[in-house]
Amino acid sequence: MSALPLDRDPEMGHGSAFGSYVALDEATIARDARRKVRQRRMLVWLARVAMLVLIVGGWQLLTSIKIVDPFFWGRPSGIVRQLNDWVRHGTAYGSIWLQIWITMKEAVLGFGVGVVTGIVAGVLLGQVRFLAEVFSPYIKVMNAIPRIVLGSLFTVALGLGVSSKVALASVLVFFVVFFNAFQGVREVDRNFVANARVLGASRLAVTRHVVLPSALTWIIASLHVAFGLAIIGAIVGEFLGAQKGLGLVIATAQNNFNPDGVFGAMFIIAILTLTAEGLIGLLERRLLSWRPRSQIEVGVV
């Protein structure tokens with residue numbers, strides 16, 4: 001007797017139909033979820049634009065009818081004119097693009113030095129309890145010193161050039177990265193470390209393959225704050241004493257009672273910081289691609 005063809009088997013037919021329905025249902029759910037994510041993102045961007053229009057429009061309106069004094073607080077139209085003047089004619093210290101380049105170079109160098117030293121110190125002290133206990137009071141004292149004092153000290157010791165600004169920026173970055181790296185190492189599951197050592201892994205191998213990946217979420221989270229602090233360090237250092245840079249531009253605008261110049265430089269700094277934040281976000285998604293995304297990250301909630 002010949003076998004019944006599979007496509008005529010009643011049980012197989014029902015199973016195949018059920019599988020098709022399940023696949024169709026899953027595809028519909030996924031499509032609806034993507035549509036909700038797109039709608040939510042559009043709503044968020046619309047709300048952001050509306051808030052910006054409200055703030056800038058209200059600011060311009062209040063200064064136009066003299067409720068807010070533009071002599072002290074400037075006005076959006078004056079800021080636009082100031083930025084246009086800087087782009088066309090430059091600042092008192094040269095091209096505005098040169099000032100941006102100087103400040104960004106100081107911030108990026110300070111960011112790099114602070115991140116590297118912060119990660120190394122945090123991972124080292126997080127794993128070696130003896131070193132953590134020895135250095136703990138000194139780190140706390142250093143962290144308690146006002147940054148403006150360190151900026152003045154660096155300006156006197158290193159001069160008005162790039163070095164003093166890089167030093168101040170790196171100090172600001174170091175502490176936020178160090179504390180996150182230290183805590184991240186302390187939060188590593190000790191069972192993973194013990195298992196790796198039982199399998200014969202060296203301390204360096206454990207640090208590279210277990211400790212660092214586990215603490216990476218903490219470290220990456222600190223970078224979002226760290227770059228903003230690097231820019232602050234560069235600006236404050238230039239404000240205390242410099243030959244070029246956005247901090248010097250802000251100080252000059254302040255001395256000339258030019259609030260439009262102060263806000264114009266602040267606008268440039270905000271654009272630079274948001275750009276850096278976007279790049280760090282891309283780096284975070286690349287380095288943490290193995291981690292399941294939360295509902296907040298995918299935009300479902």
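The values are calculated or read from the model by the stated rules, or taken from the named source; none is laboratory data. Since the structure is predicted, the reported quantities are computational estimates derived from the model, not experimental observations. With ideal geometry, Cβ positions are generated from the backbone for all residues, glycine too; neighbour counts draw on all protein chains shown. The protein model used for the area step is the full one, side chains on, heavy atoms only, and it has no ligands, DNA or RNA in it. Shrake-Rupley method; radii C 1.70, N 1.55, O 1.52, S 1.80 Å.
Here is how the numbers come out for the structure above:
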item: Net lengthening on full extension, F130/R88 (0.36 nm per residue, minus Cα-Cα); result: 9.3 nm
item: Crossing angle, helix 10-64 versus the chain [Cα axis fit, 0-90 degrees, rounded to tens]; result: 10 degrees
item: Surface/4 of the Cα convex hull for the range 76-300, nm²; result: 15.5 nm²
item: Cut-off 18 Å, label 7 Å out along Cα→Cβ of L283, residues of the range 205-231 by amide N; result: 212-231
item: Per residue accessible area in Å² of the chain, where ligands, DNA and RNA are left out and the probe is 1.4 Å; result: 63 Å²
item: Estimated Rh, the range 14-140: Kirkwood, alpha-carbon pairs, angstrom; result: 22.0 Å
item: The chain, accessible surface, carbon-and-sulfur percent (1.4 angstrom probe); result: 69 percent
item: Two-site FRET efficiency, Y138 against E26, from Cβ-Cβ distance with R₀ of 45 Å, rounded to 0.05; result: 0.20
item: Ranked by how many other beta carbons lie within 10 Å on average, peptides 171-183, 123-135, 96-108 from highest; result: 171-183, 96-108, 123-135
item: Potential extension, I67-A270 segment - 0.36 nm per residue separation minus Cα distance; result: 70.4 nm
